[in-house]
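Everything on this sheet refers to the single structure shown next.
Each reported figure results from applying straightforward, stated rules to the coordinates on display, with no laboratory input. It should be emphasised that the depicted structure is a prediction, and the values quoted were computed from it without experimental measurement. Note: ideal-geometry Cβ built from the backbone for every residue, glycine included; neighbour counts use all protein chains shown.
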Amino acid sequence: MQFLEFLSLDQPIFAKQSNTLAILLHIDTAGENALVAITKHNEVLGIEENNISNTHAQFVQESIARICTNHQISLQNIDAVVVTMGPGSYTGLRVGLSSAKGIAYALNKPLIGLSTLSLLAHAAIEAITVNKKLEIDFQIFAMIDARRMEVFGAIYNKDQHIVLSEQAIILDIPYLEQCIAKGPVYCIGSGVAKISALLTHPLLHFIDNHYQIQDFIALATDKYNNNDFENLAYSSPAYIKDFFMK
């Protein structure tokens, strides 16, 4: 299966979306593990994963073709393409976004970009609500390991509104104490081990989860229904810093 490799400078115009049963193609190559899936509302029509990071480019194209063949799905029938925008692996983000842009352009479909940190925050909220009520205020510290004592992180409140925007953060005890001074903090992501090694505190909690396809569906559907689409010509990955590769 081949897709056009060039992009128009003109963003396609899409009518106001109202179909909550949208069929979405999801592409995630931001980390060591990659994911490709096609979903319709809360139903996963087909999904494949890859845990060999240096093969993500080949995996994406082959998996899309395989899912379409095995589940008798035509890409022409999708309503939008969803892709992780970062932060994450420099090469992985380029692979995912270029593939997503090519498909969106070739099929004249809108492109939905998702933050990996927002996906982590959503996964954290889902984990917290399993055993806890959400009346008490808390913060979610979503983070991705960026070597040494640095992470790419963002902080959200319990309603998943941004408290601290995505940025590179140097972890140390004073910084963490400043965070928990405002109340309970739930940490999630690949940088959690760095925090647990620095500080133990009753208000500091660790969630050993990663985002899953259901987190994609929730955030992507919300963006789709709000016509919150990326510009095919000018959208770019959220690298945070110039270069990061694990």
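Three principal axis extents describe the C-alpha atoms of the chain; from largest down they are 52, 37, 34 Å.
Applied to the range 229-240, the Karplus parametrisation 6.51 cos²θ - 1.76 cosθ + 1.60 on θ = phi - 60° returns per-residue 3J(HN,Hα) values of 10, 7, 7, 4, 7, 10, 5, 9, x, 8, 6, 6 Hz, with x for Gly and Pro. The slack in the chain from residue 163 to residue 233, taken as 0.36 nm per residue of separation less the alpha-carbon distance, amounts to 22.3 nm. Compared with the alpha-carbon gap, the fully stretched path from residue 136 to residue 43 is longer by 30.3 nm at 0.36 nm per residue.
Which shape class, rounded, prolate or oblate, goes with the range 107-246 when its Cα gyration tensor gives a ≥ b ≥ c as root eigenvalues, a/c under 1.5 marks rounded, and past that a/b bigger than b/c marks prolate?
Working: a/c = 2.24, a/b = 1.39, b/c = 1.61.
Because a/c hits 1.5 or more and a/b fails to exceed b/c, the range 107-246 counts as oblate.
Ordered by the number of other Cβ atoms lying within 10 Å of each residue's own Cβ, fewest first, 105, 234 fall into the sequence 234, 105.
With θ taken as phi - 60° and the Karplus curve 6.51 cos²θ - 1.76 cosθ + 1.60 applied, the whole-hertz 3J(HN,Hα) list for the range 87-96 is x, x, 5, 4, 5, x, 5, 5, 4, x Hz, x standing for glycine and proline.
Taking the C-alpha atoms only, the angle from helix 213-225 to the longest principal axis of the chain is near 70 degrees.
Taking the longest Cα principal axis of the chain as reference, the axis of helix 116-131 is set at about 60 degrees.
Which entries of 194/241; 194/223; 158/194; 182/241; 40/194 show an alpha-carbon separation above 30 angstrom in the structure shown? Among 194/241; 194/223; 158/194; 182/241; 40/194, the Cα-Cα distance tops 30 Å for 194/223; 40/194.
So what is the calculated 222 nm ellipticity per residue for the chain, using -39500 (n - 2.57) for each DSSP H run with n of 4 or more, over all residues, to the nearest 500 deg cm²/dmol?
Working: 6 runs with 77 residues, N = 246.
Calculated from helices alone, the mean residue ellipticity at 222 nm is -10000 deg cm²/dmol.
Were the residues from residue 149 through residue 201 laid out at 0.36 nm apart, the gain over their Cα-Cα distance would be 16.8 nm.
Each Lys and Arg contributes +1 and each Asp and Glu -1, all at the Cβ; summed about the Cα centre of the range 117-207, the dipole is approximately 140 debye.
Residues whose amide H comes within less than 5 Å of that of residue 158, counting only those at least five positions distant or on another chain, are 138 (H built at 1.01 Å from N in the peptide plane).
By the count of other C-beta atoms within 10 Å, a proxy for reagent exposure, 156, 175, 211 are ordered fewest to most as 175, 156, 211. Between residue 70 and residue 218, the modelled label-to-label distance comes to 2.6 nm, taking each label 7 Å out from Cα in the direction of the beta carbon.
For the range 27-149, what is the percent of antiparallel DSSP beta bridges, rounded to the nearest 5?
Numbers: 9 of 15 bridges.
Within the range 27-149, antiparallel bridges account for around 60 percent of the total.
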